[in-house]
1. Restricting attention to the range 86-96, does a residue exist that is touching a Lys or Arg at 6+ places or on another chain (Cβ under 7 Å), buried (at least 17 other Cβ atoms within 10 Å of the Cβ) and at negative phi?
2. So residue 208 ticks every box in (1) within 15 Å of the chain's Cα centre (by Cα); (2) among the aliphatic types (A, V, I, L, M); (3) over 22 Å from residue 41 (Cα atoms); (4) surrounded by fewer than 18 Cβ atoms within 10 Å (Cβ to Cβ) but one. Which box is left unticked?
3. Find the helices (runs of 4 or more DSSP H) located wholly in the range 6-121 whose residues include 3 or more that are under 30 Å from residue 144 (Cα atoms) and without any contact (Cβ under 8 Å) to a residue 24 or more places away in the chain, and list them.
4. Here are some conditions: (1) within 25 Å of residue 171 (Cβ to Cβ); (2) among the β-branched types (Val, Ile, Thr); (3) more than 10 Å from the chain's Cα centre (by Cα). Residue 75 meets all but one. Which one does it not meet?
5. Of the numbered conditions (1) over 24 Å from residue 90 (Cα atoms); (2) in a loop (DSSP other than H, G, I, E, B), residue 201 satisfies every one except a single condition; which is it?
6. Between residues in the range 174-195 that are of a type in the set (Gly, Ala, Ser) and residues that are part of a helix (DSSP H, G or I), which pairs lie under 8 Å by C-beta distance while being six or more apart or on different chains?
7. How many residues are out of contact with any Ser or Thr (no Cβ under 7 Å at 6 or more places or on another chain) and under 11 Å from residue 125 (Cβ atoms) if we restrict to the range 176-190?
Amino acid sequence: MSTWEKTAEELRDQAQAMHEAREIGLKASRAAIQFSARSIRHVHRRQYEKAEELLAEAKGAIRSAQESLAPFPNIYHAGFLHDGEKEVVEAASVLSIARGSGFPTPSELGVMPMSFLNGMGEAASECRRFALDRMRAGDLVEASRILDAMEAVYEELITFDYSDAMTGGLRRTTDALRAVVERTRSDLTATTSQHELVEELKRTREALGK
């Protein structure tokens, strides 16, 4: 066997190992995304225990992806692992915001920094639905708390003024969140005004009825 043939054989083995790791990592990342989406759906239904179970499955799947890709940095940072981590962060953050239990950290979730930041931005946008649900229910205090959490995330994200190549598109995520926060703030202001008007009319009727 010539030197070239031997080198090619060694590289073929390496390429095969890389391919197998990629397939495992891709499958695990997709599973993490699916578990995360299901977790968020259960949070919206206020089924927090089930949401936690699915979040745990998502975390396990993303750890499996990370472990399989760790020996191959070029695949590790190819993009699909970032997407999986981002969705896990979103699910964990949505659950935390809904419960009012504070925000998770990158170390707690075991994810890359930019995956974490993008996931936080998407979680804050997702929480608009909670705020609207609370407004419809007349629970303006809770709606305001959720809006405060959304604004807190936005106010920190806008300070990360770096290139998209480095942040994984964080600027777009932040711009989208800004629009969501502004709409939610406007909705809450209008709902609060309507609520105050209704209460004032009630008081007027009660006074006239005496």
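1. Yes, some residue in the range 86-96 is touching a Lys or Arg at 6+ places or on another chain (Cβ under 7 Å), buried (at least 17 other Cβ atoms within 10 Å of the Cβ) and at negative phi.
2. Here residue 208 meets the rest and fails (1).
3. On the way: elements: 48-69, 73-76, 80-99, 106-109.
The helices (runs of 4 or more DSSP H) meeting that bar are 48-69, 106-109.
4. It is condition (1) that residue 75 fails.
5. That leaves (2) as the condition not met.
6. 176/121; 176/125
7. Count: 5.
Each row is one residue, and each column tells you yes or no for (1) exposed (fewer than 14 other Cβ atoms within 10 Å of the Cβ); (2) aliphatic (A, V, I, L, M); (3) out of contact with any helix residue (DSSP H, G or I) (no Cβ under 9 Å at 6 or more places or on another chain).
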residue: 150; (1), (2), (3): no, yes, no
residue: 167; (1), (2), (3): no, no, no
residue: 171; (1), (2), (3): no, no, no
residue: 176; (1), (2), (3): no, yes, no
residue: 181; (1), (2), (3): no, yes, no
residue: 186; (1), (2), (3): yes, no, yes
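Every number here is computed from the coordinates shown, using simple stated rules; none is lab data. This one's a predicted model, so the numbers in the text were calculated from it and none came from an experiment. Cβ sites come from the backbone with ideal geometry, for glycine too, and all protein chains shown count toward neighbours.
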